[in-house]
Amino acid sequence: MKKVLLIMLLALATQFVVAQDDMTIVWEAKMGHQIDYYGTDISDKANSYSFAADDKKITVFKN
């Protein structure tokens with residue numbers, strides 16, 4: 001019984017790994033600084049802004 005349960009858990013974990021590999025990158029942004037804090041304005045989806053910041057710098061961009 002333990003072997004069957006272990007095999008089922010391994011099969012399920014393998015499925016999750018394969019699903020993650022199939023995900024594509026929609027867009028990627030390179031910041032000139034390390035990102036410690038980030039957020040997105042969700043109040044207005046048409047004109048929303050996001051930010052990425054560390055202790056010294058902040059980058060604000062329109063989505």
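Remarks
- Checking each residue in the stretch 35-44 for being part of a loop (DSSP other than H, G, I, E, B) and touching a strand residue (DSSP E or B) at 6+ places or on another chain (Cβ under 9 Å) picks out ILE35, ASP36, ASP41.
- Residue pairs meeting the criteria (Cβ under 6 Å; at least 6 apart or on separate chains; first in contact (Cβ under 8 Å) with a residue 24 or more places away in the chain, in the stretch 37-63; second in a loop (DSSP other than H, G, I, E, B) and surrounded by 12 or more Cβ atoms within 10 Å (Cβ to Cβ)): LYS57/HIS33; THR59/MET31
- Complete set of residues in the stretch 6-28 that are under 15 Å from the mean Cα position of the chain (by Cα) and modelled with pLDDT of 70 or more: THR24, ILE25, VAL26, TRP27, GLU28
- Considered as a group, the residues in the stretch 45-61 that are of a type in the set (Gly, Ala, Ser) and in a loop (DSSP other than H, G, I, E, B) include one that is surrounded by the most Cβ atoms within 10 Å (Cβ to Cβ), and that residue is SER48.
The values are calculated or read from the model by the stated rules, or taken from the named source; none is laboratory data. As the structure is a computational prediction, the values presented were derived from the model and not from experiment. Backbone-built Cβ (ideal geometry, glycine too); neighbour counts: all protein chains shown.
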